[in-house]
Protein chains: 2
Amino acid sequence: MHRTATAGSPGATASDGDESWRIRRTAADLDRLAETESIFALGNGWVGWRGTLDEGKPYGTPGSYLNGFYERRDVAYPEDGYGFPQHSDTVVSAPNAALIRLWVDGEPLDVRTGTLVTHERVLDLRAGVLRRETVWISPGGHGVRVRSTRLVSLPRRPVAAVRYEVEPLDAAVELRICSDLLANEHVPEHSDDPRAASVVQDPLTAEARRSAGLDGVLVHRTHRSAQRVAVAVAHLVDAPPTVSTDGDCTPDRLRLTLTGRLAPGERLRLTKFAAYECTPVAGMPPDELADLVVAEADAARADGFDALLGAQRAVLSAAWRTADVELDGDPELQQATRFAIFHLLQAGRPDGDRTIPAKGLTGNGYDGHVLWDTEGYVLPVLTYLAPAVARSALRWRHAHLPEARERAAELGLAGATFPWRTIGGRECSGYWPASTAGLHLNADIADAVLRYVAATGDPDFLAEVGTELLVETARLWHGFGHRAADGGFHLYGVTGPDEYTALVDDNVFTNLMARRNLRGAADAAERHPDVAARLGVQPAEVAGWRDAADAMAVPYDHERGVHQQSAGFTGQPEWDFADTAEDDYPLLLHHPYLELYRRQVVKQADLVLAMLRCPGEFTADEKARNVAYYQPRTVRDSSLSAAPEAVLAAEVGHLDMAYDLFAESVLQDLADLGDKTADGLHLASLAGAWLALVQGFGGMRDDRAVLSFDPRLPDRIDRLAFHLRWHGHRLRVTLTREQARYELPDAGPEDAVELWHHGERVRVGASPVTRPMPPVPDPGPEPPCPPGRRPPRRAAG
Amino acid sequence: MHRTATAGSPGATASDGDESWRIRRTAADLDRLAETESIFALGNGWVGWRGTLDEGKPYGTPGSYLNGFYERRDVAYPEDGYGFPQHSDTVVSAPNAALIRLWVDGEPLDVRTGTLVTHERVLDLRAGVLRRETVWISPGGHGVRVRSTRLVSLPRRPVAAVRYEVEPLDAAVELRICSDLLANEHVPEHSDDPRAASVVQDPLTAEARRSAGLDGVLVHRTHRSAQRVAVAVAHLVDAPPTVSTDGDCTPDRLRLTLTGRLAPGERLRLTKFAAYECTPVAGMPPDELADLVVAEADAARADGFDALLGAQRAVLSAAWRTADVELDGDPELQQATRFAIFHLLQAGRPDGDRTIPAKGLTGNGYDGHVLWDTEGYVLPVLTYLAPAVARSALRWRHAHLPEARERAAELGLAGATFPWRTIGGRECSGYWPASTAGLHLNADIADAVLRYVAATGDPDFLAEVGTELLVETARLWHGFGHRAADGGFHLYGVTGPDEYTALVDDNVFTNLMARRNLRGAADAAERHPDVAARLGVQPAEVAGWRDAADAMAVPYDHERGVHQQSAGFTGQPEWDFADTAEDDYPLLLHHPYLELYRRQVVKQADLVLAMLRCPGEFTADEKARNVAYYQPRTVRDSSLSAAPEAVLAAEVGHLDMAYDLFAESVLQDLADLGDKTADGLHLASLAGAWLALVQGFGGMRDDRAVLSFDPRLPDRIDRLAFHLRWHGHRLRVTLTREQARYELPDAGPEDAVELWHHGERVRVGASPVTRPMPPVPDPGPEPPCPPGRRPPRRAAG
């Protein structure tokens, strides 16, 4: 088998010497199809195409998703309970327009048959496209070269496109190409794992279809969620005149067939432009929606594929100016970091009011639900890289305040209670101790509001959206909390981030985040008295919030000198790590909650996350002691854990450990560390990689609306450079072992940013400022991880 | 409409002046069919027939059950978890042999049609039969009198029978009678209530059938639980010669049809003898099982219905000699008390190793599962009334030790963990915080063992069965508990009896019962060293049990001077009773666990039950303060609550409150207080009625293997007399306001029982002993119940 030269071709995949901007998979990776589909997923925050093969088969889990497009299904419980959701939203595929099938002399191109001479797919992180090149010899001995380029347009919200080229290898071949738009594509059901998807088969009912020449459109609706989806396709054919075309349309499938004989040297090129829209059924009749997407597909075709490619690259280029992180000294993690950021960038949109589900639009894991991953991990990154995307996501929360108020009322709580899992805005979680009881989500949303306002100074957002979110969540806390005889304000019976402990009292993370929520609401209400008045906020209510925040209980174990993750935690029995085999992880698949909950075993950063989010609530010594106490008890069975642990490890001086934890976070999907990448990417873990670098080694903190950096580099990074958006400025930070450099590359003479470097106030204006990197004090011995739970160790780059 | 005279007829229902031995329902009750079916259920601990009408329609929930006969079904969870049961046992009906349908001149007897001149059904608590008399005029104007008598034979385990008589009222009629044996009878699905049944339709597959003349047999098996059931019927026909018979048999229905014309004065009498057996499919082939039941039905017919009636009355008469409670001053509660005891007596069997499900065999509520109701409530009564029945139930637990050991291993626990809900021995509960976490069940079983041994002195039981149960449950506690820095032995993360609090630390009931379990196991192991050796018990293990028991933590609130139901309980926020409407009860149907769990609202006696079971662990003052603290916080949303509250209210001197709580317990089903009697009787509540009388007003305690009485009568009881079996003796206790009388009515000259009367040691031998009733000290003001939750107040009788 030889590898053919591909340089110069439009679908070129040859190396230009910098693999850090590309993700490459070859024939050897075809046995991990579902995982590759997630890694090669393309999206624009609105349309998401999984990286299935053009011909659709073999597949892992096909998927073409629209943000917010879901079906509703019933949920049954062996023992039902009041307030248990009776329905759940489940992501379902919109009609799939990515499919292009090829027959060579009557034999279908299938990578499992014939001879696969070359098979390479490349995700280009700067071009924003997925390229494929295949040289295939059919079982009958007929060779073809196939190149395809796929994109989901970042600037044009509804548009995705594929360019598909075939040429005979060395003898004439009879070709047939079917370009399909297919609704109700079968989705396999893989798993009993509770974290996997609930697949709804045949979710769509056909409502309308049109087909003429090279174009067509299908309109469908979901059965129960009453959503309507229209997808139009418009084709361009560039082929020898011997090739004929034929259209065919059934309720669930629109097909364009090309047939003809190609001689060596001839080429058939088919370009397909697709446009997607969905609305509530009440929003627009089928014909109107069809007209809309037909016009969008036509317009894309009129501009042409090269124009789409150019615009894609231009949008990405602008995005990377802020988003790129340069990490010298470790090419693998440099590439993984860019991969992570790329997926964050394409997961959201700056316009509108959509949010980012836990898997983005890259897979159907968690049923496509939005979880606290968004406000807890993704927005703390996007606020600084693409603040408009963060704003969109928070506007989405705001748009669903009515459902959150209803849910609070249903639960007998005040204010608003946002859903732990949802697509359409209503609670969809099926195990309340680890969902409804996780009230911290509401404080995470408030925290994201406060961060966005602090970082952008956005003058309208707080008035239009932010204050209401802060007030309604503050009301929740004030009503939920209990002023006990000790004078403290207590939050009983909640679940913090650590899902191996549930229904506890005074979870420190929850309490500190609620404190911030209460104070943030008080500040916002005072800053926007008109909004406060509209919401019926009286001065006494504001005073009550401040009192509750001041009196908030923070459990501390004076004997051990550490904070208690929740009241009594440090007195619980230890987990028997010595008797836990390595294949016992994740523990939740091998041990009952009965055992997990009552022991000092931590699934994911909880108290450590509190130290990241609320750094001013802990002294440096407390942080060091807390890290030393909790790291040996934290098993990182959640991908949300490594990043905050990395940040705190860096802060307390364990830089090697921090680097290894960063590596675990950033390689979560590229190395499929949790064996779950098949279901979609772990966007929170990918976001966590940026947090590990910027908050960990950059030492960035933002909890008091002041930007500060306490940078310190691990041995394995020679240079680290990143950027942040701060009040409209683009701040560039470059760290070497010797110095930190702060600059505003785009600054005019008036522009300036004030920040803190290792406790020194620094004003960065038109000229860069450099400051020395202080030595890292000896933190003492590195606290051990639980046996067998060290992060995958990496040699220095 | 006139009531016809019925005196002297075999189906007589006329009053003989003492309604306390009868439960009567007339036409007016036909709108509460399902409830009446439960109240009129007949059983013998092996076969249970609900009190459906002879003709089967209209019905509430038909049911003919065999103890231990169930189908298996899958259980799915919205979010699954390790150790969540994947299957559940569900009671299903065996083929129903009770059906006898009548057509009068072509029109079916149906109480909803025609004219119901008389309709009366009477459950005779001494005869052990259900009698019915109906005078019905068909829509066509043809009148008949129908009498039936139904019994499930107490002495003959497999046998049930019906005698059915028809006579024309005043004109000749054409009659058709179909006597059916019907498999896969349709069962309606009523409810979304989590406490209701999961109905499996068509649970049986036909395997064999035979029919000849007046006899026949059907053999079926369940689909998934692989159980085989055979039911034979044998008929006797006593009719004018004009009546012809015809048999018919399909896989699911065996039918004998009688047809003929009856003149006034003529009578048709059909007697049906049925015999039931079931085995595991592997146990006996269909034909053999068929032969067995045919022989049993034939033998019953050979003896005749009057012989069955006579034997039934004889068995009951002997049982009542011990079981009867005489309560002078309140005829309604006298009747209700006998009703309660009757159902306890017919729920179990003295032979074999079957237990008693929560509903007995009276309905399909809780899917027919066995819960802790058995050891927690029913056996504490039957141990004294029918000790052999208690022994059978404990032998059943012992027979399922293998599954309990497997479950413990699955959960990572030591020893044995018995299932919270089961029929076949495996855990079937679907909400672990209120089931698997309710580990106290294991101590309840141990407590039942210790009580049985103490009350009977049974020499073999402890060696054969009891020691192993005690040892394996002690191992569970010893492994589960945690010796904390304070030196205490703690049980973290469990759920006590109160299901409005879950996953708590150091639930006092659980801890004290575990202490008793540990000490009981240590004593038993030392008493039976051979058994201990077989179980691998070393002296060090026994010492460990004693140490753990001695160090057991018992949370106490020194400020309030009360025990904490669990650690921290008294510091939790209160429930807002002022804002809780009366129709908000039961709270679990209107409020989320999130709110219930974290507040001081108690579903059912928990700390109060601890004071009943472990009275020596509390001083009298503590008991009084604890009652005063917990009664206002206990909403009695469980029928398990009133009885222990009654006992403690009596002990601390609130005798009126105790009486009202007793009334609530004893009327649970006759007055359908919880609106759930349709699903089956609340055997634990009925047992609780006896506990309220004997342990409450009789002041009986037995926790230290010493029988003691601190009797005190409420104003509304003039005289209370009851009996207990104690080491083979029958002790009769008669209480009046002036004195207590203790006697052994059956005693020979050597017989004697030692007991304590209000702290005075009393030896009762061949002669009765009387002691004065001391005055009841003024207990101070009665603690209030939560608003709207006073027991239904009753006027003095």
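The values are calculated or read from the model by the stated rules, or taken from the named source; none is laboratory data. Small disclaimer: the values here were computed from a predicted structure and weren't measured. Here the Cβ positions follow ideal geometry from the backbone for every residue, glycine too, while neighbour counts run over all protein chains shown.
Observations on the model:
- Flag if A:Asp547 is within 12 Å of another protein chain (Cβ to nearest Cβ) and farther than 21 Å from A:Pro644 by Cβ: no
- Of all residues making up the stretch B:440-485, the number that are within 14 Å of chain A (Cβ to nearest Cβ), under 22 Å from B:Leu535 (Cα atoms) and not in a helix (DSSP H, G or I): 1
- The stretch A:550-578, subset in contact with a helix residue (DSSP H, G or I) (Cβ under 7 Å, 6 or more places away or on another chain) and in a strand (DSSP E or B), residue nearest to the other protein chains (Cβ to nearest Cβ): A:Asp557
- Residues within the stretch A:1-32 that are hydrophobic (A, V, I, L, M, F, W, C), at pLDDT below 95 and in a helix (DSSP H, G or I), tallied: 3
- Any hit, the stretch B:242-253, residues being over 30 Å from B:Thr90 (Cβ atoms), assigned by TED's automatic domain parsing to the domain that holds B:Val159 and outside any strand (DSSP E or B): yes
- Subset of the stretch A:138-177 [of a type in the set (Asp, Glu) and surrounded by fewer than 19 Cβ atoms within 10 Å (Cβ to Cβ)]: A:Asp170, A:Glu174
- All of A:Leu258, A:Leu214, A:Leu236, A:Leu204 fail the test of being over 37 Å from the mean Cα position of the chain (by Cα) and more than 14 Å from chain B (Cβ to nearest Cβ), apart from A:Leu258.
- Qualifying residue in the stretch B:236-245 (condition: farther than 30 Å from B:Ala358 by Cβ, touching a strand residue (DSSP E or B) at 6+ places or on another chain (Cβ under 6 Å) and modelled with pLDDT under 95): yes
- With a requirement of 3 or more residues that are surrounded by fewer than 24 Cβ atoms within 10 Å (Cβ to Cβ), the helices (runs of 4 or more DSSP H) lying completely within the stretch A:311-423 that satisfy it span A:331-347, A:387-399, A:401-411.
- Residue count, the stretch A:411-428 (criterion: facing chain B (nearest Cβ under 7 Å) and touching a residue at least 40 places away in the same chain (Cβ under 8 Å)): 1
- For the stretch B:587-612, filtering for residues that are under 31 Å from the mean Cα position of the chain (by Cα) and either more than 10 Å from chain A (Cβ to nearest Cβ) or hydrophobic (A, V, I, L, M, F, W, C) (or both) leaves 17.
- Of the criteria (1) in contact (Cβ under 8 Å) with a residue 60 or more places away in the chain; (2) surrounded by 15 or more Cβ atoms within 10 Å (Cβ to Cβ), which one B:Gly561 fails: (2)
- Any pair with Cβ under 6 angstrom, 6 or more apart, that starts in the stretch A:168-190 at a residue that is assigned by TED's automatic domain parsing to the domain that holds A:Ser93 and ends at one that is of a type in the set (Ser, Thr, Tyr) and in a strand (DSSP E or B): A:Arg176/A:Thr259; A:Cys178/A:Thr257
- Residue, farthest from B:Gly493 (Cα to Cα), within the stretch B:553-582, restricted to residues that are small (Gly, Ala, Ser) and more than 32 Å from the chain's Cα centre (by Cα): B:Ala578
- Those helices (runs of 4 or more DSSP H) of the stretch A:592-639 that lie entirely within it include none in which at least 2 residues are assigned by TED's automatic domain parsing to the domain that holds A:Cys785.
- Residue under evaluation B:Ala463, criteria (1) buried (at least 24 other Cβ atoms within 10 Å of the Cβ); (2) touching a residue at least 60 places away in the same chain (Cβ under 8 Å); (3) over 21 Å from A:Thr501 (Cβ atoms), criterion not met: (1)
- Qualifying residue in the stretch B:140-148 (condition: without any contact (Cβ under 8 Å) to a residue 24 or more places away in the chain and either away from every other protein chain (no Cβ under 14 Å) or of a type in the set (Phe, Trp, Tyr) (or both)): yes
- Answer from B:Val627, B:Val647 - the residue that is on the phi < 0 side of the Ramachandran plot, touching a His at 6+ places or on another chain (Cβ under 8 Å), of a type in the set (Val, Ile, Thr) and surrounded by 22 or more Cβ atoms within 10 Å (Cβ to Cβ): B:Val627
- Count of the stretch B:699-742 residues which are hydrophobic (A, V, I, L, M, F, W, C), buried (at least 17 other Cβ atoms within 10 Å of the Cβ) and either without any contact (Cβ under 8 Å) to a residue 24 or more places away in the chain or part of a loop (DSSP other than H, G, I, E, B) (or both): 4
- Of all residues in the stretch B:493-538, those being surrounded by 21 or more Cβ atoms within 10 Å (Cβ to Cβ), hydrophobic (A, V, I, L, M, F, W, C) and not in a helix (DSSP H, G or I) number 5.
- Odd one out for B:Gly60, checked against (1) more than 8 Å from every other protein chain (Cβ to nearest Cβ); (2) over 21 Å from B:Ala161 (Cβ atoms); (3) surrounded by fewer than 19 Cβ atoms within 10 Å (Cβ to Cβ): (3)
- Subset of the stretch A:70-95 [of a type outside the set (A, V, I, L, M, F, W, C), assigned to a loop (DSSP other than H, G, I, E, B), more than 9 Å from chain B (Cβ to nearest Cβ) and touching a residue at least 40 places away in the same chain (Cβ under 8 Å)]: A:Ser93, A:Pro95
- Beta carbons closer than 9 Å, at least 6 apart along the sequence or on distinct chains, pair a first residue in the stretch A:239-250 that is under 12 Å from A:Leu262 (Cβ atoms) with a second that is at pLDDT 95 or above and acidic (Asp, Glu) for A:Ala239/A:Glu266; A:Pro240/A:Glu266; A:Thr242/A:Glu266.
- Within the stretch A:105-131, if we keep just the residues that are touching a Ser or Thr at 6+ places or on another chain (Cβ under 6 Å) and surrounded by 22 or more Cβ atoms within 10 Å (Cβ to Cβ), the residue that is nearest to A:Thr322 (Cα to Cα) turns out to be A:Val129.
- Filtering B:Ala663, B:Ala646, B:Ala650, B:Ala692 for residues that are of a type in the set (A, V, I, L, M, F, W, C), part of a helix (DSSP H, G or I) and more than 27 Å from B:Gly365 (Cα to Cα) leaves a single hit, B:Ala650.
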